[in-house]
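Peer 1: This is the structure I have questions about; it appears just below.
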Amino acid sequence: MYSYPRAFRGGLIEPVVEVGQNLLLAGRAQYALYQVSYIEEIPASFPFIVNVGAIVAGVTAPNFNTNNILDMEYGQLGHFRSFVLDDINVMILQPLATARFGNKSMQARVNAFTALLDPCGHQTEIFLFEDDRPYLQVTNPQGYNLAQARIAFYGFKYVLGNENGAGPTGAKAIPIKEFGSMAEAERSQYKYTVIPIGGWGR
Amino acid sequence: MTVRAIEYRKGIRKSSPIASCTVAATSVGLYTLPTARTCVVRKVVIFNNNAAPTIVQIGTGSTALGTFVQQLPAWYAVNGQDLEITEDQIPNVEFTANLTVQASVAAVAPNNIQVQVEIEEYQGPTA
C-alpha cells in the first residue's frame with residue numbers, strides 16, 4: 001500500500017495517485033480495485049460553483065441535488081474539496097440519507113469558518129464514484145435573507161480502468177479485482193491507495 | 001510604528017448596513033449578529049451630515065427601552081466631516097448582542113449621522 005500520496009492529505013490539493021497506479025475504492029462492505037488510466041484537473045471556477053439560491057433568514061433550504069454539476073461519467077471518480085462563498089452552513093449528504101463528516105452525535109458543516117482553520121480544504125475532501133452524487137443541505141444562519149448561497153468545488157477527475165485500460169466513454173469501469181474486506185485486499189499483494197467513497201458513514 | 005495585537009482566533013470579516021442616526025441620543029440598530037455568534041468591531045466609518053459636531057457611541061441595547069450600554073469609547077465627529085477609525089485604535093471588545101449606535105446630535109436626513117462598521121465575526125455553538 002502506498003503511504004503517500006493518499007486521500008485527505010493536508011496541503012494544496014494533489015492527485016492521490018499517478019496515472020498507472022491503483023485505487024482501492026472502499027465502500028461500506030466492498031472494495032474495488034481499479035487502475036487509473038487518466039487524470040484531469042478541475043480548477044476552482046464558476047461552472048463548479050453550486051448556487052443553492054436565495055435563502056430566507058434562519059431557514060434551511062430544501063436539499064439541493066448536485067447532479068447537474070458534480071456527477072461523473074461512468075467509469076470515473078471525482079475528487080473534490082470545497083469552500084463557501086457566502087456565510088452559509090453546508091451539510092453534505094452522500095448519499096441523500098447519509099450526512100458526511102459526522103460522528104455518533106453530530107454532523108459537521110462546511111461554512112465560512114472552515115477555511116480559517118483549514119485553508120487548504122483537506123477536511124472538506126469528498127470522492128464521487130460515477131453518479132454517487134452529494135446533496136447539499138444549506139442553512140442561512142443570519143438574521144437577514146441571502147440572495148444566493150454558493151459553495152465552490154474543485155479537484156481532480158480520475159478515469160478508471162483495469163489491466164486492459166479504460167473502457168469506452170460512458171461505460172462502467174470493470175475493476176481489476178473486488179474484495180470483501182480490507183484484510184482480503186491486503187492479502188492480494190496489489191499496491192493501491194485506499195479511497196473511502198461516500199455513503200460509508202453510519 | 002504600528003503595534004498590532006495578535007488575535008488568538010480567526011473570524012470572518014463582514015460589513016454592517018449603513019445605520020442612520022436621525023434623533024439625538026437615540027440608538028438605532030447597527031449590526032445584527034447571527035444566533036450564538038459574537039463579533040469584534042474592526043473598522044468604523046462615520047459621516048456627520050449635521051451642522052453641529054456630534055459624539056457617536058457604539059454599544060448594545062436600546063436607548064428608548066433604557067437598555068443601551070455603551071461598549072466602546074465615544075468618537076467625536078466634526079460637522080460636515082467623515083471619520084474613519086481602524087482596528088489599531090479600537091479595543092478588542094467582544095460583542096455578544098446586536099450592535100446599536102447613537103449620536104448626541106442628529107436630525108432627519110439630510111442632517112443625519114451615518115455610521116457603518118466592519119466586524120470580525122466568530123462562530124457560535126449553534127447554526
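The values are calculated or read from the model by the stated rules, or taken from the named source; none is laboratory data. Computed from a prediction, not measured in an experiment: that's the story for all the values here. Neighbour counts are summed over all protein chains in view; Cβ atoms, including those assigned to glycine, are modelled from backbone coordinates with ideal geometry.
Peer 1: Has the range A:116-128 got at least one residue that is under 18 Å from the mean Cα position of the chain (by Cα), modelled with pLDDT under 95, surrounded by fewer than 20 Cβ atoms within 10 Å (Cβ to Cβ) and away from every other protein chain (no Cβ under 14 Å)?
Peer 2: No: zero hits.
Peer 1: Out of A:ASN145, A:ASN111, which single residue is at negative phi and more than 11 Å from every other protein chain (Cβ to nearest Cβ)?
Peer 2: Result of the check over A:ASN145, A:ASN111: A:ASN145.
Peer 1: Quick check on A:ALA57: is it under 23 Å from B:ARG37 (Cα atoms), within 14 Å of chain B (Cβ to nearest Cβ) and surrounded by fewer than 19 Cβ atoms within 10 Å (Cβ to Cβ)?
Peer 2: Working: under 23 Å from B:ARG37 (Cα atoms): yes; within 14 Å of chain B (Cβ to nearest Cβ): yes; surrounded by fewer than 19 Cβ atoms within 10 Å (Cβ to Cβ): yes.
Yes: the conditions hold for A:ALA57.
Peer 1: So, A:VAL16, is that one in a loop (DSSP other than H, G, I, E, B) and buried (at least 20 other Cβ atoms within 10 Å of the Cβ) or not?
Peer 2: On the way: in a loop (DSSP other than H, G, I, E, B): yes; buried (at least 20 other Cβ atoms within 10 Å of the Cβ): yes.
Yes; evaluated as a whole, the condition is true for this residue.
Peer 1: Output the number of residues of the range B:26-47 satisfying the condition of being under 14 Å from A:ASP87 (Cβ atoms) and either away from chain A (no Cβ under 14 Å) or part of a strand (DSSP E or B) (or both).
Peer 2: Matching residues across the range B:26-47 total 2.
Peer 1: Next question. Can you go through A:LEU117, A:LEU136 and tell me which one is hydrophobic (A, V, I, L, M, F, W, C) and more than 20 Å from A:GLY10 (Cα to Cα)? Before you say what the answer is, go through the steps one by one.
Peer 2: Numbers: A:LEU117 fails: more than 20 Å from A:GLY10 (Cα to Cα).
Just a single option satisfies the conditions, and that option is A:LEU136.
Peer 1: If you don't mind, another one. Can you name the residue in the range A:160-172 that is in contact with a strand residue (DSSP E or B) (Cβ under 8 Å, 6 or more places away or on another chain) and either of a type in the set (A, V, I, L, M) or buried (at least 17 other Cβ atoms within 10 Å of the Cβ) (or both) and is also nearest to A:LEU70 (Cα to Cα) among such residues?
Peer 2: Quick first cut of the range A:160-172, residues in contact with a strand residue (DSSP E or B) (Cβ under 8 Å, 6 or more places away or on another chain) only: A:160-163, A:165-167.
The next check asks that each one be either of a type in the set (A, V, I, L, M) or buried (at least 17 other Cβ atoms within 10 Å of the Cβ) (or both); those that pass are A:160-162, A:166-167.
Details: A:LEU160: 17, A:GLY161: 20, A:ASN162: 24, A:ALA166: 21, A:GLY167: 21 Å.
The extreme case among them is A:LEU160.
Peer 1: Would the range A:94-107 turn up any residue that is touching a strand residue (DSSP E or B) at 6+ places or on another chain (Cβ under 7 Å), modelled with pLDDT of 95 or more and of a type outside the set (A, V, I, L, M, F, W, C)?
Peer 2: No, that holds for no residue.
Peer 1: Any residue in the range B:51-62 that is more than 15 Å from B:ALA106 (Cα to Cα), part of a loop (DSSP other than H, G, I, E, B) and within 14 Å of chain A (Cβ to nearest Cβ)?
Peer 2: Checking the range B:51-62: not a single residue is more than 15 Å from B:ALA106 (Cα to Cα), part of a loop (DSSP other than H, G, I, E, B) and within 14 Å of chain A (Cβ to nearest Cβ).
Peer 1: Can you work out which of the residues in the range B:90-106 that are touching a Leu at 6+ places or on another chain (Cβ under 8 Å) and outside any loop (DSSP other than H, G, I, E, B) is farthest from B:ASN49 (Cα to Cα)?
Peer 2: B:PHE95
Peer 1: Okay, moving on. Give the range B:16-25 a look and list any residue that's among the polar types (S, T, N, Q), more than 12 Å from chain A (Cβ to nearest Cβ) and either farther than 19 Å from B:ILE55 by Cβ or assigned to a strand (DSSP E or B) (or both), or say none.
Peer 2: Passing the criteria: only B:SER20.
Conditions (1) more than 30 Å from B:GLN123 (Cβ to Cβ); (2) in contact with a Cys (Cβ under 9 Å, 6 or more places away or on another chain), marked per residue:
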| residue | (1), (2) |
| --- | --- |
| B:LEU30 | no, no |
| B:ALA36 | no, no |
| B:LYS43 | no, no |
| B:ALA51 | yes, no |
| B:ALA77 | yes, no |
| B:ILE85 | no, no |
| B:ASP88 | no, no |
| B:VAL93 | no, no |
| B:GLN102 | no, yes |
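Peer 1: So which residues in the range A:109-154 are among the small types (Gly, Ala, Ser) and out of contact with any Asp or Glu (no Cβ under 8 Å at 6 or more places or on another chain), if there are any at all?
Peer 2: If the condition is that a residue be among the small types (Gly, Ala, Ser) and out of contact with any Asp or Glu (no Cβ under 8 Å at 6 or more places or on another chain), then A:ALA115, A:GLY121, A:GLY143, A:ALA147, A:ALA152 are the ones that fit.
Peer 1: Here's another thing I want to ask about it. Could you please find all residues in the range B:24-43 being aliphatic (A, V, I, L, M) and under 12 Å from B:GLN71 (Cβ atoms)?
Peer 2: B:LEU30, B:VAL40, B:VAL41
Peer 1: Here's something else I'd like to know. Residue check, A:VAL90 against (1) under 19 Å from A:GLY155 (Cβ atoms); (2) within 14 Å of another protein chain (Cβ to nearest Cβ); (3) modelled with pLDDT under 95, all met but one. Which one?
Peer 2: Only one criterion is unmet by A:VAL90, namely (3).
Peer 1: Another question, if that's okay. Taking the range B:73-127, which residues are within 14 Å of chain A (Cβ to nearest Cβ), farther than 22 Å from B:SER62 by Cβ and of a type in the set (S, T, N, Q)?
Peer 2: Hits for the range B:73-127 are B:GLN123, B:THR126.
Listed here are the residues, each with its yes/no results for (1) surrounded by fewer than 13 Cβ atoms within 10 Å (Cβ to Cβ); (2) free of Cβ contacts under 8 Å to residues at least 40 places away in the same chain; (3) not in a loop (DSSP other than H, G, I, E, B); (4) not acidic (Asp, Glu).
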| site | (1), (2), (3), (4) |
| --- | --- |
| A:LEU136 | no, no, yes, yes |
| A:TYR144 | yes, no, no, yes |
| A:TYR158 | no, no, yes, yes |
| A:ILE174 | no, yes, no, yes |
